[in-house]
Each structure stands twice: as structure tokens, then as C-alpha cells.
Amino acid sequence: MTTPSPLSRRTPIRHLLDQATAEMEATVTGWVRNKRIGKNIGFLELNDGSTLANLQLVFPEDGIGPQAAEPVDKGAAISATGKLVASQGKGQSWEMVVETVRVIGGCPEDYPLQTKRHSFEFLREKAHLRPRTRTFSAVFRVRNALAMAIHRFFQDRGFLWVHTPIIAASDCEGAGDLFEVGSGDGDPFFGKQAYLTVSGQLNVEGFATSYTDVYTFGPTFRAENSHTARHASEFWMIEPEIAFADLTDLLDLGENFIRDVSLDVIERCGEDMEFFNRWIEKGVVDKVQSTLSKPFARMTYTEAMDVLEKSGRSFEYPVGWGQALQTEHERYLAEDYVEGPVFVTDYPTDQKAFYMRLSDDGKTVAATDLLVPRLGEIIGGSQREERLDVLESEISRRGLEQAPYWWYKELRRFGSVPHAGFGLGFERLLMYLTGMQNIRDVLPYPRTPGSADF
Ligand code: 4AD
């Protein structure tokens, strides 16, 4: 039998601070964020990632002595055992008077996180170490909490989580922004060209037309050469798909979804969200909360163009019926006109994908984008074309081949039903909630054109 490692008795700092009582004895582990050694007393700030706050480790003269902290370098991994006492200092309620300390992994002077503040650009080059900074540790805790809030939202409502494939046989969006897989030198590995998925939607429709309420939550890939702060080559998408439902049902779902998961995260991640509210974008949490307390605005694309034409603003890109809504237009609508989230619906057919349901006017489809302040689009979705003949003619009209969609079309032959769904860009919602301005700073290891370094 092996004896359990003393490290297995460690208490996460978060739990410790939650349950602390005076004189309580505990062992903590983590990485040293700061070190201050005085003549009579020494301090180490310890963080283990369980919470934003550091635990202050005290090395008093009448105990272990400041010299015991001397050999411990900033960045080192350590374990410490001691007693909790009410803190004398500001900003923390408890500190630990250390009785024993052990360096588990030392940290030489060329540790890149030596100074307190680093630019986000610098830290992108250190993606393996940046979770040890305050900002990024908060970002990835909130990212985790948001993912769980999303699953809870759907699971509580009886939605089935479907693991749609990463390797896809067809181009869902028909936009051609695909990474090819399995082509190699000789015969294609899969017998024909395959791709990294741009969306699980087409596959998940087969499950919506079996289980009624379903969703996907997984990575998606786009080979578009966009160098913006909102586009990544690999990002995560959440795609609910509901059967026996039309566009209005979808908007209601989308609104409840965004409101519930956002409030859930704000509540569960109080300390981290307060950090964003203070240091990343002043008042971001208050702003998000106040816009969520009102019903989301809804307007058609035609109304949106009308608003833009009458706005008196000079935009870089032209406005008018038939023009694309660019990010500057989307931001004007959400930020200035509505001052909150807005669903724009009923876009011109030619701007949208083949699967969206053609409206009776013959010019528009039952599509929707959800636009939010600061970012523009975070959701794209639609009611789906459930009529086989219309679907076939829309595939042909776009110059797409019918053959790869044979199975998708069968869903329109065998028990076809009105259904609808949307895709939420996970990182975009995370940016909206935290005020982080670049998608590269909410992805653990971002992949963007020209960059996949870790
Ligand atoms: O609007 P999109 O392209 O919609 C679809 O893929 C549909 N098949 C979804 C559906 O109806 N089930 O993408 C959906 C969302 C966008 O609104 C945006 O938030 C995000 O995915 N997105 C990206 N996020 C980061 N980087 C990119 N390159 C993105 N492209 C889209």
C-alpha cells in the first residue's frame, strides 16, 4: 500500500475562505503571485485558481520567521500548512500563519510574469502561462460557468444534447469557408472530400425531427480569412433546434436563453464579474443586467434599413434594401437606436443560406440575427425550409449540388415538420458579458489566420 501524498490533503483556497474559522489548520497549494519580505515579517500571496482572491501567507518573526519565505520565488509552486487568522490587512478577511512551507517547483528569474501588469498582446504570446494572471484566471472561470449555465438551461427544459460530428460531409452554410480533412496524396480518406464542421445544424435537424427539442454544443471551424477581434478559425457554438416551431417560437427561446444564462453567470461568478465591472470595462455588468431586465427589441430587416437610412449617420458601408448589415450598422442599431439586444428578422433571401424558410413575399426568409451593443451579431438562426420542392429549388438557385444533401432532403419527405434553430457564438456571448474586447482573449488557445502556436 502506498501512503497518500500530503498534497492530497490540500484545501482549495476558495473552500477555505468560504468555511474559514479562526485557528483552523489547513494545507494549501498553489503558485506564488507576490512576495514581500520585511525585517520582522514576510508575506507570500498564493493563488490556486479556485478563486480570484489570493490567500495571504504570513511568516512572522515569532513563528517560522520571514527567512522561511526567502527562498520561495515569485511563480513557484508551493504547499503550505498553517493556521487561519483574521486578517489585519485590507481586501481579505483571512490569512494563514504558516507553520511549514515546501517548494514543489521553483521558478527562475526569467519567469515572464514578473511584473504586475502585462498587455493582452504580450500575454497572447504566453498562452500557456496567462491563466496565472488575474484577468485570464477570471475569464476562464467565467467561461466554465457559462458553459455549465448553458447546459443547465437546456437540460432543465428537457432538451437532448447531441454530439454532432466534427468531421463533416457537407458545407452547412454553403459559404465555402471550409478546412479540408482526409484528402492526402492518394484517394480521399473518407472516399470523398470531408471537412471540419462549420456548424452541427444539418446533422442536428435529424435529431430535432426525432426528439423535438435538441441542442449541440461543440467546436466549429471556419477557414475565412477574417482578421477581426470577433472572428476565430476555431470557436464553440451552441445550436438549439426545435421541432413544431416557427420563427416567433425561436425568438422567444433565444431571448429566454440569453437572459437566463447571463443572469446565472452573473450570480454564480460574483467576484470575477465584479473584477470585469471594475477593471476591464467600467460598469459592464450593470449595463448587461439593465438591458436584460427589459424585453428584447424585434424588428425586420426592412425596418432596420429604414432606421439606418433615417439615422443621419454617415456609415462606411452603404445602407438600403438589399445591402448587407455590416458590423457598424449592427452596432448602431443595438447600441444607439435600441440601447440593448435586438432581433433583426426577415432578411433578403440572397443574403442567407439555402436552408432558411422562404417567406410568402418570395423576397425574404424567416431568418434572425441577435445583435447586441459593442459586438453586433452573437446569434444567427432561422425557421428551416420544411417543403421539399422549395428546398430543392433554393439549393439549385445557389449553384449548390443536390447530391450531398440527399439525407437532409429525406427529412422533408418522411414526416416533415416546421422547425427552427439558431447558433450562438459562445465566445461572443462571453465577450459581451465580460467586456473583453478580443476573441483571442476568451479562447484558451486561440486559432486565427496565421496563428496556431500552442
Ligand atoms: O450565423 P452563423 O454562421 O450560423 C450558423 O452557422 C447556423 N448554421 C446556426 C444555426 O442556425 N444552427 O453562426 C452562428 C454564430 C454567429 O452569430 C456568431 O456568433 C458565431 O456563430 N460565429 C463566430 N464566432 C467566432 N468566430 C467566427 N469566425 C464566427 N463565425 C460565426
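The set of residues in the stretch 30-62 that are farther than 17 Å from residue 103 by Cβ, in a strand (DSSP E or B) and within 34 Å of the chain's Cα centre (by Cα) contains only 56.
Say we look at the stretch 204-252 and pick out the residues that are of a type in the set (Gly, Ala, Ser), over 25 Å from residue 180 (Cβ atoms) and out of contact with any strand residue (DSSP E or B) (no Cβ under 6 Å at 6 or more places or on another chain); which of these is farthest from the ligand (Cβ to nearest atom)? Ranking the qualifying residues of the stretch 204-252, first place goes to 210.
For first residues located in the stretch 147-165 and at positive phi, partners that are in a loop (DSSP other than H, G, I, E, B) and lie 6+ apart or on another chain with Cβ distances below 9 Å form the pairs 158/212.
Among all positions in the stretch 285-307, there is at least one residue which is open to solvent by less than 40 Å² (accessible area, probe 1.4 Å) and within 17 Å of the chain's Cα centre (by Cα).
In the stretch 166-191, the residues that are in a loop (DSSP other than H, G, I, E, B) form Cβ pairs under 7 Å with partners that are within 15 Å of the ligand (Cβ to nearest atom) and β-branched (Val, Ile, Thr), at six or more places apart or across chains, as follows: 166/197; 171/198; 172/198; 173/198; 177/198; 178/198. Residues that are in a helix (DSSP H, G or I) and buried (at least 22 other Cβ atoms within 10 Å of the Cβ) were ranked within the stretch 406-427; the one that is farthest from the ligand (Cβ to nearest atom) is 426. Going by the structure shown, is residue 157 open to solvent by 40 Å² or more (accessible area, probe 1.4 Å) and either within 10 Å of the ligand (Cβ to nearest atom) or within 21 Å of the chain's Cα centre (by Cα) (or both)? It is false that residue 157 is open to solvent by 40 Å² or more (accessible area, probe 1.4 Å) and either within 10 Å of the ligand (Cβ to nearest atom) or within 21 Å of the chain's Cα centre (by Cα) (or both).
Test of understanding: among 74, 90, 83, 35, which residue is of a type in the set (Lys, Arg), open to solvent by 60 Å² or more (accessible area, probe 1.4 Å) and closer than 30 Å to residue 445 by Cβ? From the options 74, 90, 83, 35, the qualifying one is 35. Of all residues in the stretch 161-203, those being among the acidic types (Asp, Glu) and near the ligand (Cβ under 10 Å from one of its atoms) number 2. Counting only residues that are more than 29 Å from residue 287 (Cα to Cα) and open to solvent by 30 Å² or more (accessible area, probe 1.4 Å), the stretch 319-334 holds 3 of them. When we screen 314, 382 for residues that are among the small types (Gly, Ala, Ser), free of Cβ contacts under 8 Å to residues at least 12 places away in the same chain and either more than 14 Å from the ligand (Cβ to nearest atom) or not in a loop (DSSP other than H, G, I, E, B) (or both), the only hit is 314.
Looking for something of a type outside the set (Phe, Trp, Tyr), under 27 Å from residue 430 (Cβ atoms) and open to solvent by less than 30 Å² (accessible area, probe 1.4 Å) - is there at least one such residue anywhere in the stretch 169-178? Looking through the stretch 169-178, at least one residue is of a type outside the set (Phe, Trp, Tyr), under 27 Å from residue 430 (Cβ atoms) and open to solvent by less than 30 Å² (accessible area, probe 1.4 Å).
The values are calculated or read from the model by the stated rules, or taken from the named source; none is laboratory data. Model, not experiment: these values are computed from the prediction. Backbone-built Cβ (ideal geometry, glycine too); neighbour counts: all protein chains shown. Side chains are part of the model used for accessible areas, which takes the heavy atoms of the whole protein and leaves out ligands, DNA and RNA. Shrake-Rupley method; radii C 1.70, N 1.55, O 1.52, S 1.80 Å.
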